[in-house]
Each structure stands twice: as C-alpha cells, then as structure tokens.
Amino acid sequence: IIIFTLLIEMAGAAILYNLWRPWQREFGMSVGESVWHAVFHAVSAFCNAGFSTYRDNLMDYAHSSTSLMVIGSLIVLGGIG
C-alpha cells in the first residue's frame, strides 16, 4: 500500500511539475518552489484534501485539460485506496 501510494503520488507530482513549470516560470518561481507546488498538489489530490497553495486554488490551470485529468485521476486513485 505504501509503495503504491508513493509511486502514484510521485508520478502525479512529476507530471504536474512538467505541465506547470512553463507557467510558474512566468510568475518567477524557482525550480524548488515549482517542485514543492507539484508535490503538495499531488499529495493533496491523492488524499482528496482539497487544499491548494495558490491564492485562487487551481484557477490558473483551469484551461489545461491535462492538469485537470491528472488531478482527477489522483483523486480517484486515492479514493480507491
């Protein structure tokens, strides 16, 4: 269970990082900050916590269907566990 959880969360964080890094670069975020946001949101989605580190939640990424599919998949996979 622990290995499954870590693998899914790490995969989700890696995908979110790659998707979000171009936009985060525009906001002046460092690589470390980008990694933190990706990991936090992957874990939050997997645990179905509903927390975000952004002031407006994930509204900046609402146009990214891939981001929404990753977040949705993490929610579902976390719920199955």
Notebook entry, point to check: Does anything in the stretch 28-63 have its amide N under 16 Å from the 7 Å Cα→Cβ label point of Ile80, and if so which residues?
Noted result: 46-48
Next item on the list: Counting only C-alpha contacts under 8 Å and six or more residues apart, can you give the relative contact order of the chain as a whole percent?
Entry: 35 percent
Notebook entry, point to check: Add -39500 (n - 2.57) for each DSSP H run of 4 or more in the chain, then divide by its residues: what number comes out at 222 nm, to the nearest 500 deg cm²/dmol?
Noted result: -24000 deg cm²/dmol
Next item on the list: Summarise the accessible area of the chain (1.4 Å probe, protein heavy atoms) by the percent that is carbon and sulfur.
Entry: 69 percent
Note to self: Compute the helix-to-body angle for 2-26: its Cα long axis versus the longest principal axis of the chain, expressed 0 to 90° and rounded to tens.
What the structure shows: 10 degrees
Check: Residues of the chain: accessible area per residue at 1.4 Å, in Å²?
Finding: 64 Å²
Margin query: If I fit a long axis through the Cα atoms of helix 65-80 and take the longest principal axis of the Cα atoms of the chain, what angle between them do I get, 0 to 90°, rounded to 10?
Written below: 30 degrees
Notebook entry, point to check: Given the Cα-Cα distance of Phe27 and Phe4 and 0.36 nm per residue of separation, how much length would full extension add, in nm?
Noted result: 5.0 nm
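The values are calculated or read from the model by the stated rules, or taken from the named source; none is laboratory data. What you see is a predicted model, and the numbers here were worked out from it, not measured in a lab. Neighbour counts are summed over all protein chains in view; Cβ atoms, including those assigned to glycine, are modelled from backbone coordinates with ideal geometry. Areas reflect the complete protein model, heavy atoms only, side chains present, ligands, DNA and RNA absent. Shrake-Rupley method; radii C 1.70, N 1.55, O 1.52, S 1.80 Å.
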